[in-house]
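The values are calculated or read from the model by the stated rules, or taken from the named source; none is laboratory data. A quick note: this is a predicted structure, and the numbers were derived from the prediction, not measured. FYI the Cβ positions are ideal-geometry reconstructions off the backbone, even for glycines, and counts take in every protein chain you see. The area values use the complete protein model at the heavy-atom level, side chains included, leaving out ligands, DNA and RNA. Shrake-Rupley method; radii C 1.70, N 1.55, O 1.52, S 1.80 Å.
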Amino acid sequence: MNHFTPVSALTGGLLIGIAAALLLWLNGRIAGVSGIINGLFAWKSGDIGWRLLFLGGLVAGAGLCYGWFGAVPLARPGFPGGWLAVGGLLAGFGASFGSGCTSGHGVCGLGRRSRRSLAATLVFLVTGILTAVVVRHHFGVY
């Protein structure tokens, strides 16, 4: 949040929305990143290429951001790596348990007015807030 500008936030949101809309329009698929990654392990014929291209676009987009702005956002300097690993594993478990992640439910599902996605997104939000409170105030990790 050190370099936040409304323009960068709007640009990022528009790019996410355009990518999600194009994937749905051109491929009939929902842009849920956890589902896209999970589908790589199913090995269905003709189903791997678009997944690799989409994920490659995520990596390329990060590379372009780095090239244009010269800095990569860090998780938080000094934040324990073990906590990041635990958080990543819990996020992966939650995405599997909730049948989707924030991109699938929060971006695409809400855009389609899905009640299930609204419920999932509210659970994601409340869980994230509670986790931040517990980690910061009860474990003292800042």
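General remarks:
- Pairs meeting the criteria (first residue in the stretch 77-96 and within 17 Å of Leu125 (Cβ to Cβ), second residue open to solvent by less than 50 Å² (accessible area, probe 1.4 Å) and not in a helix (DSSP H, G or I), beta carbons under 6 Å, at least 6 apart or on different chains) are Ala95/Cys101.
- Ile18 meets each of the listed conditions (1) over 26 Å from Thr131 (Cβ atoms); (2) surrounded by 12 or more Cβ atoms within 10 Å (Cβ to Cβ); (3) among the aliphatic types (A, V, I, L, M) apart from (2).
- Scanning the stretch 103-119 for any residue that is surrounded by 11 or more Cβ atoms within 10 Å (Cβ to Cβ), at pLDDT 85 or above and farther than 19 Å from Gly17 by Cβ turns up at least one such residue.
- Scoring Ala42 on the criteria (1) surrounded by fewer than 14 Cβ atoms within 10 Å (Cβ to Cβ); (2) under 16 Å from the mean Cα position of the chain (by Cα) leaves a single failure, condition (2).
- Any hit, the stretch 73-88, residues being among the aliphatic types (A, V, I, L, M), at pLDDT 85 or above and surrounded by fewer than 12 Cβ atoms within 10 Å (Cβ to Cβ): no
- Matching helices (runs of 4 or more DSSP H) fully within the stretch 47-142 where at least 3 residues are within 26 Å of Gly28 (Cα to Cα) and among the aliphatic types (A, V, I, L, M): 49-69, 115-133
- When the stretch 87-134 is filtered for residues that are under 16 Å from the mean Cα position of the chain (by Cα), among the hydroxyl-bearing types (Ser, Thr, Tyr) and closer than 22 Å to Leu15 by Cα, the ones remaining, listed by number, are Thr102, Ser103, Ser117, Thr121.
- Arg29 being open to solvent by 60 Å² or more (accessible area, probe 1.4 Å), within 30 Å of Arg136 (Cα to Cα), part of a loop (DSSP other than H, G, I, E, B) and among the charged types (D, E, K, R): no
- With respect to the conditions (1) within 14 Å of the chain's Cα centre (by Cα); (2) within 26 Å of Thr11 (Cβ to Cβ), Trp68 lacks only one, and its number is (1).
- Near pairs, Cβ below 6 angstrom, 6+ apart or cross-chain, from the stretch 45-68 (closer than 21 Å to Ser34 by Cβ) to any residue that is among the small types (Gly, Ala, Ser): Arg51/Gly39
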